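Contents: one structure, followed by commentary.
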Amino acid sequence: MFIVKLTDVRKEWSGTELFRNVTFEIRGGERAALFGRNGAGKTTLLGIIRGAVEADGGTVQRGVGPEDWGWLDQHPIVSADETTIGYVRGAKPDIAAAREKMRLLEHDLHAASAAGEIETVTQAAERYGESLEAYEALGGYAWETETERALQRVGLPPETWELPFVSLSGGQQTRAGIARLAALRPKVLTLDEPTNHLDMETIDWLQNWVRDYPGTVIMVSHDRAFLDAAADRIVELTPTGTMSYKGNYTAFREQKELERKTQMALYRKQELEKEAIVEAIRMYSQWYAKASRDAAKIGGAAKPYYAARANKHTARYHAKEKELERLEKNRVEKPRDAEQLRVAFREGTFEAKTLLQATDLAFRYEGREQPVLRGGSLTLNRGDKLAVVGPNGAGKTTLLKLLLGELAPTSGAVVRHPALRIGYFSQQLEHLDGDETVLDSLLRVPDMTMTFARTILGCFLFSGDAAFKRIADLSMGERCRVAFLQLYFSGANLLVLDEPTNYLDIDTRERMEEALAAYPGALAAVSHDRYFLRKVANRVVSLDGRGGWTVFDVPYREYESSGGRSERGRTEEERERDEALRLAEWERTALMAKEELNAGDRSRLEELRQLIAELTGEG
């Protein structure tokens, strides 16, 4: 049976058409993902599908009633004193209201009992008994049991249930929203960016839950790994309509690439046919002209022959013209790639191999008993692409700030090469000046010309009037591009990135990944985007959430596939060798940074060269 069927649906915002010709159908049991660029209208279309937003044209047919739809609210309006379990129970307002009435009457009964007035107690007891029966008739106690089970299933422990919902972290609030849905068990779920604020462990749980859900799921997500695991159909939304593809995100990309190659092959074949027809038309035109001239020059009995030949060429000429018209009418357009970010990050001048070294690094926030990070060591070299992973609250951003120097360690030290330049991207984007225009932010770069600035802005998708927008008026995705633009000109040797792909659509994420993977310097990144880490990271720092952290000298893909349990056979002897190599390289770097070397320095440099050669097996 069909769940929802859209035909020629159109939507406008403030007089501007958002999309048109949206036609597709979702059937029971499907896990359909709406896919499109930022601003394409995915959330709006999701609202139209479930009936929360009115379409401006076309028809929407729903095969199930309003009570059968459930949705994950990203920003629920909840009173400050609403508990977490109260929020989940509120999914059934009639039961929640009956429970509140029963609670108030219970309070009245206790107050009457305390006063010792028999008649008042009797009346209060009767009213309370009636409310109890009404609550039970509504299935209130069964609903309480169901909501508690749902909270346990999403991993929210009982000690959080009575906490105010607004005091929960973003990830915990998302879990509570999912528990609310899980308890209701509607026939259709609509999820808008459900993985926001979730750590990887919870995302893994969520994608399994979505995959096993007994009803239909319609979702919007930029998490490609989540779409690979949870979606079995992708509906691509563009301003001019929709196309539907069977399979997950990877299958969708493969089908899109096959479509592009097929269209390009047809386009090239058509162009060759067109060239041949145009050449035939030119040739017949020349032959006609020659035959006409010959007929005019030659008289007598031969003239009809040349005139007939001229007419024959005319007929062929017109036939080819008709053929060209048919070809143009059924023309296959050359495939056009959507406007995409074009960027290649460049590294500043830097000769040394080692950029920074953290030794016995530990950190504890003032006033807290437990340390965020206990002692650990880390070296970053040129070419290292370090993924910092761990559960929410484990201290990933704290570690980045320690490496940056924005926080001072409680113990241990971070030593940075004196020539090191760091470019920092924060998920909060707090370093941007909201009063500046996009163009002004770029013109501050030394020796920047207006012509070059406009060219670069075009590469970052700020063409035309978009260059004159105030940063404060930009969407979060646009602000991210401005932040990357500043990194582009930072001349950094080390990029420190905190959730760099948040707010970016998938196409832009993939262009950014290509640029960062090719970046010759080093980077350290915190990200929940597993596709990003698989593409970019060649080392991993894993935080356990209890202060411990471990360095894995393997690409993120290998770390992920081993479940974070393998360090690719690094024995104690290998660890000691790596530590000795790290110290030798660092000492050599420090010596080479000196302006003048004495005889002792030069002798020590030679000793270090030989030691490094032995340790690396090059001696």
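The values are calculated or read from the model by the stated rules, or taken from the named source; none is laboratory data. If you're wondering where the values come from, they're calculated on a predicted model, not measured in any experiment. Here Cβ is always computed from backbone atoms with ideal geometry, including for glycine, and neighbour counts include all displayed protein chains. Protein only, heavy atoms only, side chains kept; ligands, DNA and RNA dropped before computing areas. Shrake-Rupley method; radii C 1.70, N 1.55, O 1.52, S 1.80 Å.
Annotations for the structure displayed:
- Test: residue in region 254-273 that is touching a strand residue (DSSP E or B) at 6+ places or on another chain (Cβ under 7 Å), in contact (Cβ under 8 Å) with a residue 40 or more places away in the chain and not in a loop (DSSP other than H, G, I, E, B): no
- Residue match in region 437-460 (condition: within 18 Å of the chain's Cα centre (by Cα), open to solvent by less than 10 Å² (accessible area, probe 1.4 Å) and over 30 Å from Lys353 (Cα atoms)): yes
- Pairs linking a residue in region 526-538 that is of a type in the set (S, T, N, Q) to a residue that is in a helix (DSSP H, G or I), with Cβ atoms under 9 Å and 6 or more positions apart or on different chains, are Ser527/Leu533; Ser527/Val536; Asn538/Tyr556.
- Yes/no for Thr202 being more than 25 Å from the chain's Cα centre (by Cα) and among the hydroxyl-bearing types (Ser, Thr, Tyr): no
- Subset of region 156-195 (residues that are open to solvent by less than 60 Å² (accessible area, probe 1.4 Å) and without any contact (Cβ under 8 Å) to a residue 12 or more places away in the chain): Pro157
- Scanning region 514-528 for residues that are open to solvent by less than 10 Å² (accessible area, probe 1.4 Å) and closer than 13 Å to Ala387 by Cα yields Leu516, Ala522, Leu523, Ala524, Ala525, Val526, Ser527.
- Glu82 being more than 20 Å from Glu144 (Cα to Cα) and not aliphatic (A, V, I, L, M): no
- Residues located in region 383-416, provided they are more than 14 Å from Gly545 (Cβ to Cβ), open to solvent by 40 Å² or more (accessible area, probe 1.4 Å) and either at pLDDT below 90 or of a type in the set (A, V, I, L, M) (or both): Leu407, Ala408, Ala413, Val415
- One residue stands out among those in region 38-65 that are at pLDDT below 90 and either buried (at least 16 other Cβ atoms within 10 Å of the Cβ) or more than 26 Å from the chain's Cα centre (by Cα) (or both): the one that is farthest from Arg509 (Cα to Cα), which is Ala40.
- Any hit, region 573-594, residues being at pLDDT below 85, under 21 Å from Lys385 (Cβ atoms), in contact with a helix residue (DSSP H, G or I) (Cβ under 6 Å, 6 or more places away or on another chain) and not acidic (Asp, Glu): yes
- Which numbered condition Leu361 misses (of (1) modelled with pLDDT under 85; (2) closer than 30 Å to Leu420 by Cβ; (3) touching a Ser or Thr at 6+ places or on another chain (Cβ under 9 Å)): (1)
- Per the listing Arg211, Arg253, Arg224, the residue uniquely open to solvent by 10 Å² or more (accessible area, probe 1.4 Å) and under 17 Å from the mean Cα position of the chain (by Cα) is Arg253.
- Being in contact (Cβ under 8 Å) with a residue 12 or more places away in the chain and either part of a loop (DSSP other than H, G, I, E, B) or exposed (fewer than 14 other Cβ atoms within 10 Å of the Cβ) (or both) is a property that holds for Leu198.
- Single residue of Ala142, Ala137, Ala124 found to be among the hydrophobic types (A, V, I, L, M, F, W, C), in contact with a Ser or Thr (Cβ under 9 Å, 6 or more places away or on another chain) and at negative phi: Ala124
- Yes/no for Leu324 being farther than 30 Å from Arg282 by Cα, surrounded by 14 or more Cβ atoms within 10 Å (Cβ to Cβ) and hydrophobic (A, V, I, L, M, F, W, C): no
- A residue that is closer than 25 Å to Pro164 by Cβ and of a type in the set (S, T, N, Q) occurs nowhere in region 35-42.
- Complete set of residues in region 467-485 that are over 22 Å from Leu495 (Cβ atoms) and either surrounded by fewer than 16 Cβ atoms within 10 Å (Cβ to Cβ) or among the charged types (D, E, K, R) (or both): Phe468, Lys469, Arg470, Ala472, Asp473, Ser475
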